[in-house]
1. Listing VAL150, VAL110 from the residue with the fewest other Cβ atoms within 10 Å to the one with the most, what is the order?
2. Explain nothing, just compute: Karplus ³J(HN,Hα) = 6.51 cos²θ - 1.76 cosθ + 1.60, θ = phi - 60°, for every residue of region 100-113 in order, whole Hz, x for Gly and Pro.
3. Calculate one ³J(HN,Hα) per residue across region 216-227 by plugging θ = phi - 60° into the Karplus curve 6.51 cos²θ - 1.76 cosθ + 1.60, and present them in order as whole Hz with x for glycine and proline.
4. Please work out the FRET efficiency for the pair CYS168 and ASP48, using the Cβ-Cβ distance as r and a Förster radius of 30 Å; give the result to the nearest 0.05.
5. Between GLN81 and TRP272, how high is the FRET efficiency from 1/(1 + (r/R0)^6) when r is the Cβ-Cβ distance and R₀ = 41 Å? Nearest 0.05.
6. Could you sort 239-251, 38-50 so that the peptide with the highest average Cβ count within 10 Å comes first and the rest follow in order?
7. Test of understanding: ordering CYS170, CYS140, CYS220 by Cβ neighbours within 10 Å, fewest first, what list do you get?
8. Among LYS52/LYS165; LYS118/LYS257; LYS118/LYS145; LYS165/LYS257; LYS125/LYS257, which pairs are too far apart, with a Cα-Cα distance over 25 Å?
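Nothing in this text is a laboratory measurement; each read-out follows from the coordinates by a stated rule. Everything numeric in this text was worked out from a predicted model, so none of it was measured. A quick note on method: Cβ atoms are made from the backbone with ideal geometry, for glycine too, and the neighbour counts reach across all protein chains shown.
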Amino acid sequence: MCCLRCAGKATLAHPSAQDGAMLLSASEDRSILAVDTATASPLARHPDAHAKGVECVRFLSTHHLVSADEDGHMAFWDTRQRACIGTMRPHTDYVHDMTLHARDDLLAAVSADGRLSKIDPRQRKVLQISEGDPDDELLCVAVVKGGHKVVAGSTTGVIDVFTWKDICDCSDRWPGAFGDLEDGEEQRTQHAHMHAQHTGHLDQVDAVVAFDDDTIITGCNDGMIRVLALQPNRFLYLVGAHPGELGVEALALGPGKRLLASVSQDEEAYVWSLDALHDDDEGEEEGKSDEVCVGRGNGVRCVLWREGEF
């Protein structure tokens, strides 16, 4: 396992789309840092990327990336020029997560204002934005169903499902385990053990990855990592739980989708087997060694896989 420590208060990082050779780190000190994951050495740093703390950053293509801050602003960057090529403000609060809709070459972003936005990164234009719920922040986002649906995890533990063609309102919802019920810590712990395999989440959903078009893996603040089927909605599999019920901050699928890496709130990384989700008995490719890279720092939320040779 490779550990990368980011200066300042790193909030989120993202690997390059090709092979995880580069890690982008967004920081509360308003900077963006590019790190070589093979050597753990910095490649480039922009100290004043935003006027506010940078909340997340994503690659759009080999030479283009987008970053977003705690005030809802986005900045678009060209790595060849090492410069910002445009800005916009699609949201009024933190942009918690973004993902590229590869089929349409558009950006999906979720925010603390409770809304999902569909953005054209080339024109830097909001094409659609959903109705918001200020009492229920959207924290993570993934594209599923061949690009026809987008799912978003929330602070209430609900998974909102949106139709990509029209995201103005969610088309389906996966309810949390206890709705608005408020329990004491002791009672909450009892619920966690009693309902460990409940289809609803016991707390906010901070991370989501698409296993395939019909299946998602979620990381919850209750420490549980669940596999869920979409439409029809049903619980499939409990991957595992972080010790001490430490919340799941980030998830990353390994090459071949046979391993899953997670990071807990104490910045420890865990690797889980997903063999139960595969029908065949094929193993990993021979001659390959896949390494987990974990960002370290105050408030860090990043983990990625880097392919290598023995």
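1. Sorted ascending by nearby Cβ count, the order is VAL150, VAL110.
2. Running phi through 6.51 cos²θ - 1.76 cosθ + 1.60 with θ = phi - 60° gives 8, 7, 4, 4, 9, 6, 10, 10, 10, 10, 10, 9, 5, 7 Hz.
3. Running phi through 6.51 cos²θ - 1.76 cosθ + 1.60 with θ = phi - 60° gives 10, 10, 10, x, 10, 5, 7, x, 8, 10, 10, 10 Hz.
4. With R0 = 30 Å, the Cβ-Cβ based efficiency is 0.25.
5. It comes to 0.55.
6. Listed from highest to lowest mean packing, they are 239-251, 38-50.
7. With the fewest neighbours first, CYS170, CYS140, CYS220 line up as CYS170, CYS140, CYS220.
8. LYS52/LYS165; LYS118/LYS257; LYS165/LYS257; LYS125/LYS257
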